[in-house]
Amino acid sequence: MKYYITTPIYYVNAKPHIAHAYTTLIADVLARYLRLKGKKVFFLTGTDEHGAKVAQKAQEFGKNPQEFCDQVAGQFEKAWLNLDITFDSFIRTTSELHKKGVVKMIKQLKENGDIYKADYEGFYCTGCEKFLTQKELIDGKCADHQVEPELIREKNYFFKLSKYTGVIKEKVKKDELLVRPQKRKNEIISLLDTNLEDFSISRESVEWGIDVPFDKTQKIYVWVEALMNYISALDYGKQGRQAGKFKKFWPADLHLIGKDITKFHIIYWPAILLSLKLPLPKQVFAHGYFTINGEKMSKTIGNVIDPNDLVEKWGKDATRYLILNQFPVGEDGDISLEKLEAQYKANLANDLGNLLQRVLVMMNKFEVKDKAFKIDPYKHQDLDFQKEFDFDLDGFLNFMDNLKIFKAIKKIDKYISQSNKYIEANKPWELAKTDKIQCQKVLITLYRRLILVARLIKPFMPDISKEMLNQLESGEPKPLFKK
Ligand code: MSP
């Protein structure tokens, strides 16, 4: 069974930060988990490189836009490799592959009679890359960027959204287009009940973008072509058998996004797909937003966290685990470096790292060498978890299947701390003097618990999982985490 999962494509106006890493990590953990379950996963991420915002940044740095995009897109790719993100494809919107797909789609929208040209006047916020309505302004300013949007009067091509809103609403209501969490579904249904205006799909005053194929005075609106990445990346612009990926993987099983971009993904994108007569994505999941020490992450405040710095400090596996161990995926939350540091020491270095060392040291010392319990880590690539030793495996798998990643991690953490309590309660070092058989039993129980932990953490900390299994096999303890 195939599974196609996507992240938003990130704007290249700045280098990757921890929030981009957060979205990408959720997708990666899910992709790795589903591969372990035997699914044929296609995991797409990439960069959003056109539009006024990126062009302005390039100018500030005295670079031509393409050169600037190449540089920042490279930083994204490097950050993801640094975090061991197993994307199958990295789409860049300045690539020929993307442009081909987009041009094909725009021509089809025109042929289907869904676009028309009209005069437009509106307030455009370059930071958001969208027109804002009067209602969205606070004291005349964009609430997110605290700047007055620009009043723009120009000719645009528009898309006949109203033709499709009824169908979209039905599909969302019936979960044919599953929107999670529920509160986002409710929001979208209410929004669909308002009189949504047709949206602009091109811009006259923008230079850095893809030409509208039938009108060279216009560039395709950056958000419209960005959404199209989800199928341009599957070779949609190619012909016949060369477009095999599209046939194999579309529709997307999951578009993972942040809660800020639901309207684009649950209204505009499905409307475009309906016009193109293509199936809609099966699910859109919108995760929450987080603050850093209670404040919005911003360059002005100077609290932007670079994921590469965390990897340097704690290693990539611990960084992956810590970032996802903060709050439930669908909720908002807060992150602080102090809390991450404390969790690194308590949950990883102490609870997990020390547990493994202690058990292996004692097994060597008290000569617990029951071969029956030795394992070959490479035989266990799949999820052949054992349903024993007090672990609620069904609950864990259910959490993983439903993107309750935070709860799944909490279950592992709890299991590890229970194992530490079990050591303290049974004191195998004392049993070694009084009851050798019982000492063996206790250590073998812990040993098997550790095998289970190693397998459970595999999607989160793939190398630590492997290292644990290696040590459990060889019986040679080495520190798991840097002190
Ligand atoms: N380029 C568009 C997306 C196009 S998808 C077809 C875009 N890019 S972005 O770089 O500005 O943001 C992408 C995503 O980053 C957001 O949807 C969200 O997932 C994530 N986040 C950015 N800041 C965030 C937080 N402070 N907290 C959590 N995630 C947030 O929008």
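The values are calculated or read from the model by the stated rules, or taken from the named source; none is laboratory data. All of these numbers come straight from a predicted model, not from anything done at the bench. Here Cβ is always computed from backbone atoms with ideal geometry, including for glycine, and neighbour counts include all displayed protein chains. What goes into the accessible areas is simple: the full protein's heavy atoms, side chains included, and nothing from ligands, DNA or RNA. Shrake-Rupley method; radii C 1.70, N 1.55, O 1.52, S 1.80 Å.
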Heavy-atom accessible area of the chain with neighbours in place, 1.4 angstrom probe: carbon+sulfur share in percent works out to 51 percent
The chain - accessible surface per residue (Å², probe 1.4 Å) | 44 Å²
Keeping every protein chain in place, order 3, 22 by accessible area at 1.4 Å, biggest value first, i.e. largest first.
-> 3, 22
So how much accessible area does residue 351 have, in Å² to the nearest 10, using a 1.4 Å probe?
-> 50 Å²
Rank these residues by their accessible area, most exposed first, probe 1.4 Å: 144, 28, 390, 435.
-> 390, 144, 435, 28
Helix 182-193: angle to the longest alpha-carbon principal axis of the chain, degrees 0 to 90, nearest 10?
-> 10 degrees
Put 1, 297 in order of accessible area, largest first, 1.4 Å probe: what do you get?
-> 1, 297
antiparallel share of DSSP beta bridges within the chain, to nearest 5, in %, is 50 percent
What percentages, rounded to whole numbers, describe P(r) for the chain computed over all alpha carbon pairs with 10 Å bin width beginning at zero?
-> 4, 18, 27, 23, 14, 8, 4, 2, 0
Checking rank on 156-169, 335-348, 218-231, 309-322, with mean other Cβ inside 10 Å and highest first, the result is 218-231, 309-322, 156-169, 335-348
Expected field for residue 463, accessible surface area in Å² at 1.4 Å probe radius, rounded to 10, holds 80 Å²
Find the eigenvalues of the gyration tensor of the Cα atoms of segment 1-46, then list the square roots of 5 times those eigenvalues as equivalent ellipsoid semi-axes, largest first, in whole angstrom.
-> 24, 11, 5
Using just the C-alpha positions of segment 154-207 as equal point scatterers, what log10 of I(q)/I(0) does the Debye formula give at each q in 0.26 1/Å?
-> -0.97
So who's got an amide H within less than 5 Å of the one on residue 10, skipping anything under 5 residues away but keeping other chains? H placed 1.01 Å off N, in plane.
-> 46, 47, 48
Among all cysteines in the chain, which have no other cysteine Cβ under 4.7 Å from their own Cβ?
-> 69, 439
Describe numerically, in nm with one decimal, the distance between label points set 7 Å from Cα along Cα→Cβ at residue 78 and at residue 390.
-> 4.7 nm
Specify the angular offset, from 0 to 90 degrees and rounded to the nearest 10, of the alpha carbon long axis of helix 462-474 from the longest principal axis of the alpha carbons in the chain.
-> 20 degrees
Could you work out the Kirkwood radius for segment 206-309, taking every pair of different alpha carbons, averaging 1/r and inverting it, reported in Å?
-> 16.5 Å
Rounded to the nearest 10 Å², what accessible area does residue 287 show when all protein chains are kept and the probe is 1.4 Å?
-> 10 Å²
Which net charge results for the neighbourhood of residue 67, defined as the other residues with beta-carbon distances under 15 angstrom from its beta-carbon, given Lys and Arg at +1 and Asp and Glu at -1?
-> 0
Relative to the longest principal axis of the C-alpha atoms of the chain, give the angle of the C-alpha long axis of helix 96-111, reported between 0 and 90° and rounded to the nearest 10°.
-> 50 degrees
Calculated [θ] (222 nm, deg cm²/dmol) that DSSP helices of n ≥ 4 give over the chain, each run adding -39,500 (n - 2.57) | -13500 deg cm²/dmol
Calculated diffusion of segment 102-159, Stokes-Einstein form, Kirkwood radius summed over Cα pairs, 25 °C and 0.890 mPa s, µm²/s | 189 µm²/s
Quick one: what are the phi-derived ³J(HN,Hα) couplings along segment 148-163, Karplus 6.51/-1.76/1.60 with θ = phi - 60°, whole Hz, x for glycine and proline?
-> 6, x, 8, 7, 10, 10, 7, 8, 9, 8, 10, 10, 6, 4, 4, 4
12 Å beta-carbon shell around residue 430, net charge (K/R +1, D/E -1) = +1
